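Enquirer: Here you go, one structure.
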Amino acid sequence: MAVVPYLLIPVALFGALFFTSFFKEPRRLLNGLLFNLFGITVLTAAAGAILASNNRLLIAVFATLFVIALLVIGVLFALHLVWLLWNARVVWRREGHSLGNMLTLLIAIGLLLLEIAASIGRGWLPDPVYNGLAVFFSLGIGYELVALYNFLTALVLYNLYRPRRDKDYLIVLGSGLIGGDRVSPLLAARINAGLKFYRKQLQKTGKHATLVFSGGQGPDEKLPEGLAMQRFALAAGIPEADTLVEGASKTTYQNMLFSKRLIESRTAGQPYKAAFFTNNYHLLRAGIFARAAGLAANGVGAATSFYFLPNAVIREYLAFVVIHKRRHIVILGLIAAFGLAVALQQAFLP
């Protein structure tokens, strides 16, 4: 049992780092990494305590659960191409053939080509070149999987965060309109999340919030998204006096910045409390743009159909890769240098 107190030190350290970071600023990717490190230390401490207990039944039970977990993960990895292709087919049938709906298909094709290249490359390439490329692709894909997992963790954690029902302004972010003038189901989910918050706050506290519908007019749209969203809310029984339209924004950052300016033009320097509403997969990036725009607001994510989430989450992750492209370029560059070093070592050293 002497080993257990020592294992509790990293648990306390990473737990303190995570909770301090998350409650100070839930809108950051770092929270995902800190939570995963905290989780690893918790599992390590639990394993140490179980082994130190010398309870054979307890050890056998948790060893069995651990093996089952490894088998499930192994099956998921073994069937990754089947799952990606199945999801691509479902999305194509239900959402159309746009590039944004092809991500799981493109990833499946890329992985399949890599596996084919790996199987035939050994016979075509010199061993040092093949091994150097194998190191680069193995470590590169491993790094991106870890980065993706940390992103998913941060996204889930932020979706679990719930703003208090004491808000003055509720900002609903726009998205494309159907036929140029009708609210899409995806956008309706965002609006309904805002309306639900508005009604619950009114019911519990009696406080009227102002709904800010933010979205400009695209080239194929007949009116600004913000105006279409306001009409949707009015048809749902929201008083017009409790709504505002921000109809100039074209991006998520502009949604936040222009909504902030609109709100502050009404508050005349007085403090206010705000929250924003979007789809759950988009919540973390929206929160980061809110912080970049200087808007002190956290978000609520509207539910999204499960079949649509893989494409949407991958798209969000790629957006974060672009935002942090220097970091990814540097790390992948270091991995490439290591792969080159392996190839040179095998080619020129015995």
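The values are calculated or read from the model by the stated rules, or taken from the named source; none is laboratory data. Please read these numbers as outputs of a predicted model, since none were measured by experiment. All Cβ positions, glycine included, derive from the backbone under ideal geometry; neighbour counts span all protein chains shown.
Enquirer: Of the residues 39, 74, which is surrounded by 14 or more Cβ atoms within 10 Å (Cβ to Cβ), part of a helix (DSSP H, G or I) and either in contact with a Cys (Cβ under 9 Å, 6 or more places away or on another chain) or at negative phi (or both)?
Expert: 39
Enquirer: Something else: Search segment 148-163 for residues being under 17 Å from residue 277 (Cβ atoms) and touching a residue at least 12 places away in the same chain (Cβ under 8 Å), and hand back the single one that is nearest to the chain's Cα centre (by Cα).
Expert: 155
Enquirer: In segment 190-237, how many are in a helix (DSSP H, G or I) and of a type in the set (Val, Ile, Thr)?
Expert: Looking only at that region, the number is 2.
Enquirer: Suppose we filter segment 295-307 for residues that are more than 15 Å from residue 158 (Cβ to Cβ), among the hydrophobic types (A, V, I, L, M, F, W, C) and more than 15 Å from the chain's Cα centre (by Cα); how many remain?
Expert: 2
Enquirer: Something else now. Residue 64 passes all but one of (1) in contact with a Ser or Thr (Cβ under 7 Å, 6 or more places away or on another chain); (2) exposed (fewer than 15 other Cβ atoms within 10 Å of the Cβ); which number fails?
Expert: (1)
Enquirer: Here's something else I'd like to know. Please give the number of the condition residue 175 fails out of (1) within 30 Å of residue 265 (Cα to Cα); (2) outside any strand (DSSP E or B); (3) modelled with pLDDT of 90 or more.
Expert: (3)
Enquirer: Which residue, of 202, 211, is more than 24 Å from the chain's Cα centre (by Cα), modelled with pLDDT of 95 or more and surrounded by fewer than 19 Cβ atoms within 10 Å (Cβ to Cβ)?
Expert: Criteria check complete, one pass: 202.
Enquirer: Could you list, in sequence order, all residues of segment 298-312 that are closer than 11 Å to residue 283 by Cβ, in contact with a helix residue (DSSP H, G or I) (Cβ under 6 Å, 6 or more places away or on another chain) and of a type outside the set (Gly, Ala, Ser)?
Expert: Listed by number, the residues that qualify are 300, 304.
Enquirer: With the checklist (1) loosely packed, with under 14 Cβ neighbours inside 10 Å; (2) under 14 Å from the mean Cα position of the chain (by Cα); (3) over 30 Å from residue 223 (Cβ atoms) in hand, flag the one item residue 310 doesn't pass.
Expert: Result: residue 310 fails condition (1) only.
Enquirer: Here's another thing I want to ask about it. Does segment 50-64 include one or more residues that are within 30 Å of residue 310 (Cβ to Cβ) and among the aliphatic types (A, V, I, L, M)?
Expert: No.
Enquirer: Moving to a separate point now. Within segment 230-285, track down each residue that is among the charged types (D, E, K, R) and touching a Lys or Arg at 6+ places or on another chain (Cβ under 9 Å).
Expert: 246, 273
Enquirer: Go through segment 318-339 and report how many residues are surrounded by 15 or more Cβ atoms within 10 Å (Cβ to Cβ) and over 15 Å from residue 147 (Cβ atoms).
Expert: 2
Enquirer: Keeping to segment 304-350, report how many residues are of a type in the set (Gly, Ala, Ser), within 25 Å of residue 251 (Cα to Cα) and part of a helix (DSSP H, G or I).
Expert: So in segment 304-350, the residues of a type in the set (Gly, Ala, Ser) come out as 305, 312, 319, 333, 336-337, 339, 341, 343, 347.
Next, only the ones that are within 25 Å of residue 251 (Cα to Cα) stay: 305, 312, 319.
Narrowing further to those that are part of a helix (DSSP H, G or I): 312, 319.
Total meeting the criteria: 2.
Enquirer: Same structure, new question: Failed condition for residue 170, given (1) part of a strand (DSSP E or B); (2) modelled with pLDDT under 85, with all others met?
Expert: Unmet for residue 170, out of (1) part of a strand (DSSP E or B); (2) modelled with pLDDT under 85: (2).
Enquirer: Let me ask something else about it. I need the full set of residues from segment 263-282 which are surrounded by fewer than 20 Cβ atoms within 10 Å (Cβ to Cβ) and either part of a loop (DSSP other than H, G, I, E, B) or touching a Ser or Thr at 6+ places or on another chain (Cβ under 9 Å) (or both), in order please.
Expert: Hits for segment 263-282 are 266, 268, 269, 270, 271, 272, 273.
Enquirer: Would you be able to say whether some residue in segment 152-161 is among the small types (Gly, Ala, Ser) and out of contact with any Leu (no Cβ under 7 Å at 6 or more places or on another chain)?
Expert: no
Enquirer: Could you say whether any residue in segment 143-157 is closer than 30 Å to residue 329 by Cβ and in contact with a Pro (Cβ under 8 Å, 6 or more places away or on another chain)?
Expert: To start, the set of residues in segment 143-157 that are closer than 30 Å to residue 329 by Cβ comprises 143-157.
Next, from what is left, pick out any that are in contact with a Pro (Cβ under 8 Å, 6 or more places away or on another chain): 157.
The answer is yes, given that some residue of segment 143-157 is closer than 30 Å to residue 329 by Cβ and in contact with a Pro (Cβ under 8 Å, 6 or more places away or on another chain).
Enquirer: I want to confirm something. Restricting to segment 138-164 and keeping residues that are aromatic (Phe, Trp, Tyr) and more than 25 Å from residue 115 (Cβ to Cβ), which single residue is surrounded by the fewest Cβ atoms within 10 Å (Cβ to Cβ)?
Expert: Looking at the filtered set, the residue picked out is 161.
Enquirer: Taking residue 241 as meeting all but one of (1) part of a helix (DSSP H, G or I); (2) under 30 Å from residue 90 (Cα atoms); (3) among the small types (Gly, Ala, Ser), write down the number of the exception.
Expert: That leaves (2) as the condition not met.
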